[in-house]
1. Return yes or no: is Val134 within 15 Å of the chain's Cα centre (by Cα) and surrounded by 23 or more Cβ atoms within 10 Å (Cβ to Cβ)?
2. If we keep just the residues of region 79-125 that are open to solvent by less than 30 Å² (accessible area, probe 1.4 Å) and over 30 Å from Ser151 (Cα atoms), which is modelled with the highest pLDDT?
3. With (1) out of contact with any Lys or Arg (no Cβ under 6 Å at 6 or more places or on another chain); (2) surrounded by fewer than 18 Cβ atoms within 10 Å (Cβ to Cβ); (3) at pLDDT 95 or above as the list, and Leu23 as the residue in question, which single condition is left unmet?
4. Could you tell me which residue of region 185-196 is least open to solvent (accessible area, probe 1.4 Å), considering only residues that are under 17 Å from Asn238 (Cα atoms), over 16 Å from the mean Cα position of the chain (by Cα) and in contact (Cβ under 8 Å) with a residue 40 or more places away in the chain?
5. Which residue out of Asn204, Asn139, Asn135 is polar (S, T, N, Q) and outside any loop (DSSP other than H, G, I, E, B)?
6. From the list Gly187, Gly181, Gly143, pick out the single residue that is at pLDDT 95 or above and touching a Ser or Thr at 6+ places or on another chain (Cβ under 7 Å).
7. Can you tell me which residues in region 210-254 are surrounded by fewer than 16 Cβ atoms within 10 Å (Cβ to Cβ) and without any contact (Cβ under 8 Å) to a residue 12 or more places away in the chain?
8. Select, from Ala60, Ala45, Ala66, Ala72, the only residue that is open to solvent by less than 20 Å² (accessible area, probe 1.4 Å) and either free of Cβ contacts under 8 Å to residues at least 24 places away in the same chain or of a type in the set (Phe, Trp, Tyr) (or both).
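The values are calculated or read from the model by the stated rules, or taken from the named source; none is laboratory data. Just so you know, these numbers come straight off a predicted model, no measurement behind them. A quick note on method: Cβ atoms are made from the backbone with ideal geometry, for glycine too, and the neighbour counts reach across all protein chains shown. Quick note on the areas: whole protein, heavy atoms, side chains included, nothing else; ligands and nucleic acids left out. Shrake-Rupley method; radii C 1.70, N 1.55, O 1.52, S 1.80 Å.
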Amino acid sequence: MQTPKQDGFFMPGEFEVHKGCILIWPSRPGSWRNEAREAKKAFAAVIEAIARSEAVFLAARKEDVAEATNFANELKRKQIPYPVTVFEAKTDDAWARDVAPTFVKSNEHNTTNSNKEGSDQSSNSASDSDIRAVNWEFNAWGGNVDGLYASWEKDNVFASAFADQFGFDWYDAAPFVLEGGSIHSDGDGTLLTTESCLLSAGRNPNLSREQIEEQLSRFLGIKKVLWLPRGIYQDETNEHVDNVCAFLRPGEVV
């Protein structure tokens, strides 16, 4: 684990080329009916589409590893270009975008990774000394105020467990609450978010807007935060920005 400071690491744009995509095999009965049969078909189609252009890291509960591995092997037999790496992980649900790490990378002037005490420098094909992970606190989109489920302990440790397993140094941003879908970066120091989400009572109620911006700057190298008033009205995430607005490149959104 690393201690964050102004060390040249920043959040890239999601439109930039990256090493792979993290997904979680669906299984939670409260979210997916009929033993997630239809959900698994949908996830499988998405995973296959992604694996045509980049690697996939697919987490599965212990009881689902065999099923997920069989699916990954099927894609291999179909000669889908990129690998699907299945790994066992304890999770509460399947929302990898919100519970997985946020990754930051070094700028072109700072590519030296200082091996500080406590950091994990284990060798792995997915790791890179110029890439680090950020572990946020996750509380099921609102905790005891308006969270979606009562127990989220497994999802809350997913990000740090992934970073450790695949050899990434990581910053621990806890107890600052944030989900991946609540922010969007232009890769050039500007971040999009919504007031309805990041200022909600169930996330960081003791922090002001300015203090929240300080945390985003500290962990993501952000220089400017663009606050949209809201997202999709009363959606279950307190109106994540990723439902309504995304950067195509610095200075241009869709």
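1. Details: within 15 Å of the chain's Cα centre (by Cα): yes; surrounded by 23 or more Cβ atoms within 10 Å (Cβ to Cβ): yes.
In short, yes.
2. At the first step, the residues of region 79-125 found to be open to solvent by less than 30 Å² (accessible area, probe 1.4 Å) are 80, 84, 87, 89, 91-94, 96, 98-102, 104, 106, 119.
If we keep only those that are over 30 Å from Ser151 (Cα atoms) too, we end up with 80, 106.
On the way: Ile80: 98, Ser106: 93.
Step by step, filter region 79-125, then rank; the result is Ile80.
3. Among (1) out of contact with any Lys or Arg (no Cβ under 6 Å at 6 or more places or on another chain); (2) surrounded by fewer than 18 Cβ atoms within 10 Å (Cβ to Cβ); (3) at pLDDT 95 or above, the lone unmet condition for Leu23 is (2).
4. To start, the set of residues in region 185-196 that are under 17 Å from Asn238 (Cα atoms) comprises 192-196.
Now drop any that are not over 16 Å from the mean Cα position of the chain (by Cα), which leaves 194-196.
Subsequent filtering for residues that are in contact (Cβ under 8 Å) with a residue 40 or more places away in the chain retains 194, 196.
Numbers: Thr194: 0, Ser196: 33 Å².
Of everything passing the filter in region 185-196, Thr194 is least open to solvent (accessible area, probe 1.4 Å).
5. Working: Asn204 fails: outside any loop (DSSP other than H, G, I, E, B); Asn139 fails: outside any loop (DSSP other than H, G, I, E, B).
Among Asn204, Asn139, Asn135, only Asn135 is polar (S, T, N, Q) and outside any loop (DSSP other than H, G, I, E, B).
6. On the way: Gly187 fails: touching a Ser or Thr at 6+ places or on another chain (Cβ under 7 Å); Gly143 fails: touching a Ser or Thr at 6+ places or on another chain (Cβ under 7 Å).
Sole residue among the options that is at pLDDT 95 or above and touching a Ser or Thr at 6+ places or on another chain (Cβ under 7 Å): Gly181.
7. Once the filter is applied, which keeps residues that are surrounded by fewer than 16 Cβ atoms within 10 Å (Cβ to Cβ) and without any contact (Cβ under 8 Å) to a residue 12 or more places away in the chain, region 210-254 yields Glu210, Gln211, Glu214, Tyr233, Gln234, Asp235, Glu252, Val254.
8. Working: Ala60 fails: either free of Cβ contacts under 8 Å to residues at least 24 places away in the same chain or of a type in the set (Phe, Trp, Tyr) (or both); Ala45 fails: open to solvent by less than 20 Å² (accessible area, probe 1.4 Å); Ala66 fails: open to solvent by less than 20 Å² (accessible area, probe 1.4 Å).
Exactly one of Ala60, Ala45, Ala66, Ala72 is open to solvent by less than 20 Å² (accessible area, probe 1.4 Å) and either free of Cβ contacts under 8 Å to residues at least 24 places away in the same chain or of a type in the set (Phe, Trp, Tyr) (or both), namely Ala72.
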